[in-house]
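The values are calculated or read from the model by the stated rules, or taken from the named source; none is laboratory data. The shown structure was predicted, so the numbers you read here are calculated from the model rather than taken from an experiment. Glycine also receives a Cβ, built like all others from the backbone with ideal geometry; neighbour counts cover every protein chain displayed.
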Amino acid sequence: MTPTTFPVLLQSYLLALLVVCALVVVCQSMSTPKVLIYTAAAEYVHDSTPTAVSSLTSRGPRIGVEFSHTEDKNAFTDDNLSQFDAVMFMHNTGEVLDDNGKAALQRYFNKGGNFIGVHSAADCLRTTEFFNKQLGAHFDYHPELQNATVSIVDNTHPSTSFLPSQWNVRDEMYNFKSDPRAVGAKVILVANEASYVDDGERKYDHGSPHPLAWYQNQGAGVQSGGVAGRSFYTSLGHMSEAWQDDAFMTHVLEGVQWALASNTTRAFNETGQVGNPSTSTTSKGSGSATNSAGTPA
Ligand SMILES: *[C@@H]1O[C@H](CO)[C@@H](O)[C@H](O)[C@H]1NC(C)=O
Ligand SMILES: *[C@@H]1O[C@H](CO)[C@@H](O)[C@H](O)[C@H]1NC(C)=O
Ligand SMILES: *[C@@H]1O[C@H](CO)[C@@H](O)[C@H](O)[C@H]1NC(C)=O
C-alpha cells in the first residue's frame, strides 16, 4: 500500500460506514407499528366480528401496520401491551376486562399508548371512568338498523377528508350518555337526524350536532403525570357489509394510521415507552397472547 492510496481507501471505507449508519437509523425509526385488536364480548356478540378482523388484518401489509387479534383478557398485561403502538377495541360489550387487565390498560395509556375504538367498544367497561374518557363517551341506545345519512363536519382529518359531505350508510345510529366534546374530543362525523327514524327516549345529552366519530390528540384517559397518546373512535361498522365497503374501510384505516402517527410510541419515536421496539431487534414473547384472525366468539 503506497502512502497515496491509503487516504483514498480510508475515504471509501468511511463513506461505506456512513451509509451503513444512515441505514441503521432509518430502519430503527421505521419499525412496523403493531396494533392489538381486542374483540371480546361479554354480552351481545356481533356477527360481523370475524369479517371485521380479517378485513383489517388482510389490509395490514398494504398500509405497513401489523395487526394482532385476541379475545383473551389475559393479553392485558404490562409486558404484552408494551409491544403495541395502539390497542383497538372493536365490537365489545359488557365487562371484558378484570381489574388486573384494566390496571394494565391504564398504565399503557399513561405510557403514551394509543387507542382506537370501533362501534360497540363504547358499550363495554361501562363503569370504568378512564376507559370512558379515553374513548370519549359511553353508548346509550340505538334505533333499529336502517339507512341514514351522516354528515362530515370536519374534513381536515384523514379519516373523513375523502368522504362526500353527505355520506349514505346502512348502520346503527348510536346515541351516547355524554358529549365526547366534554373531554376535549374533536367531532368529525355527525348523524343527520332527519334522515332516519329514532323512536327511543333520549335521556342523556350527547351534544349537538349528534356525534358519531371523533378524535383526541391527547387521550383524556391518561392519569396526571402520564404521557397521553392519541385516541380515535368511530361508532359505525355494525354490518359485515361495511367491512367490505371501500369508503368505510378507508375511514377506519385512516383513523388507525392517524392514531399511530402519535409522537408517543415507537412507531414514530424510538424513545417511546411502548410500541414495537424495532425491526432490527428480536421481538420478545412474540404473539403469545395472539390467536389467529376470525376466532369465533
Ligand atoms: C339502503 O341502502 C342500500 C345501499 O346502501 C340500498 O341498496 C337499499 O335499497 C336501501 N334501502 C332502503 C330501504 O332504502
Ligand atoms: C407531540 O404531540 C403532542 C400532541 O399532538 C404535541 O402537543 C406535542 O407538542 C408533540 N411533541 C413534540 C416534541 O413534537
Ligand atoms: C419522543 O418521546 C419522548 C418521550 O418518550 C419525548 O420527550 C420526545 O419529545 C419525543 N420526540 C418527538 C420528536 O416527538
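Just a few scattered comments:
- Which numbered condition Tyr44 misses (of (1) more than 26 Å from Glu270 (Cα to Cα); (2) in a helix (DSSP H, G or I)): (2)
- Single match in Gln216, Gln166 (criterion: within 16 Å of ligand 2 (Cβ to nearest atom) and touching a strand residue (DSSP E or B) at 6+ places or on another chain (Cβ under 7 Å)): Gln216
- The set of residues in segment 48-74 that are of a type in the set (Gly, Ala, Ser), out of contact with any Asp or Glu (no Cβ under 8 Å at 6 or more places or on another chain) and either at pLDDT below 95 or part of a helix (DSSP H, G or I) (or both) comprises Ala52, Ser54, Ser55, Ser58.
- Answer residue from segment 226-241, given it is more than 16 Å from ligand 2 (Cβ to nearest atom) and over 23 Å from Glu66 (Cβ atoms) and is surrounded by the fewest Cβ atoms within 10 Å (Cβ to Cβ) among those: Glu241
- Qualifying residue in segment 219-236 (condition: closer than 18 Å to Arg59 by Cα, in contact with a helix residue (DSSP H, G or I) (Cβ under 9 Å, 6 or more places away or on another chain) and within 16 Å of ligand 1 (Cβ to nearest atom)): no
- Residues in segment 244-263 that are surrounded by fewer than 20 Cβ atoms within 10 Å (Cβ to Cβ) and more than 16 Å from ligand 2 (Cβ to nearest atom): Gln244, Asp245, Asp246, Ala247, Met249, Thr250, Leu253, Glu254.
- Scanning segment 208-239 for residues that are part of a strand (DSSP E or B) and not small (Gly, Ala, Ser) turns up Pro211, Leu212, Trp214, Tyr215, Gln216, Val227, Phe232, Tyr233, Thr234.
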